[in-house]
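The structure under discussion appears below in the form of structure tokens.
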Amino acid sequence: DSGVTQTPKHLITATGQRVTLRCSPRSGDLSVYWYQQSLDQGLQFLIQYYNGEERAKGNILERFSAQQFPDLHSELNLSSLELGDSALYFCASSVADSGETQYFGPGTRLLVL
Amino acid sequence: AQSVTQPDIHITVSEGASLELRCNYSYGATPYLFWYVQSPGQGLQLLLKYFSGDTLVQGIKGFEAEFKRSQSSFNLRKPSVHWSDAAEYFCAVGAYGGGGSNYKLTFGKGTLLTVNP
């Protein structure tokens, strides 16, 4: 158990819908990272927040957004969902904002029908 | 920008046999190097990491990895594989992008390990 929690574990929804994925980092970690894992793209970095502020952006679509709250939990919002958004979404956390080991949560499996 | 190559998509070994998973990276300096393991339906678990110092790194579950600067490699090894080691293994490189851009963790495509009894 890494100490990073994610909810829900599974999510099934329809195209065009909007969903919110939630992540709680390890105690004491200030950075939260979001990744998407799909068969064709592999593990792709989406976005990082550090102590409530956006720190880095990766291959994140404009339909996706995230935020980190004062209690340091984070939410990833996915809107206007398409079939291709079906994937495993991982959250990771680290103590600092860079150069640190990232610890991963169990992931949320999203299926868009 | 950094990149990671795991040349072997799928490896099959017999239980008790030795294992070596290959990882090559591309980066202008020495990056931070990691190996993660993902069991079916699970998240990624950190096996080991290299930041600096001794180039042979010991990890959990009996795994070790060796950093070879001249070959830009960070291969993962285990002397005797157990059936429970069957999983997908990811090599990752942590580095800063060019022009002072942020630190980024880049993953290889993964190597799926099958263990035969």
Semi-axes of the equivalent ellipsoid for the protein assembly as shown, Cα gyration tensor, largest first, Å: 29, 21, 16
Residues of region A:89-109 that become at least 40 Å² less accessible with every protein chain present than in their own chain isolated, using 1.4 Å: which are they? A:S98, A:G99, A:T101, A:Q102, A:F104
Other residues with Cβ under 14 Å from the Cβ of B:S39 give, with Lys and Arg +1 and Asp and Glu -1, a net charge of -2
Within straight-line cross-link reach of B:K61, aspartates and glutamates at Cα separation under 18 Å, skipping those fewer than 8 residues along the same chain: A:D1, B:E15, B:E20, B:D85, B:E88
For region B:108-113, Karplus couplings with θ = phi - 60° (6.51, -1.76, 1.60), whole Hz, Gly/Pro x: x, 6, x, 10, 8, 9
Cα-based reach from A:K57 at 18 Å (exclusive), listing lysines while leaving out same-chain residues under 8 positions away: B:K104
Looking at the protein assembly as shown only, what percent of DSSP beta bridges run antiparallel? Nearest 5 please. 90
With DNA, RNA and ligands ignored, accessible area of B:V57 (1.4 Å probe; Å², nearest 10): 20
Under a GNM of chain B (C-alpha, springs under 10 Å), which listed residue has the highest mean-square fluctuation: B:L21, B:L56, B:L48? B:L56
Of B:W83, A:W34, ordered by accessible area with the largest first and a 1.4 Å probe, the sequence is B:W83, A:W34
Measuring with a 1.4 Å probe in the full set of protein chains, what accessible area per residue, in whole Å², belongs to region A:1-45? 53
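The values are calculated or read from the model by the stated rules, or taken from the named source; none is laboratory data. If you're wondering where the values come from, they're calculated on a predicted model, not measured in any experiment. We place every Cβ from the backbone using ideal geometry, glycine too, and count neighbours over all the protein chains shown. The protein model used for the area step is the full one, side chains on, heavy atoms only, and it has no ligands, DNA or RNA in it. Shrake-Rupley method; radii C 1.70, N 1.55, O 1.52, S 1.80 Å.
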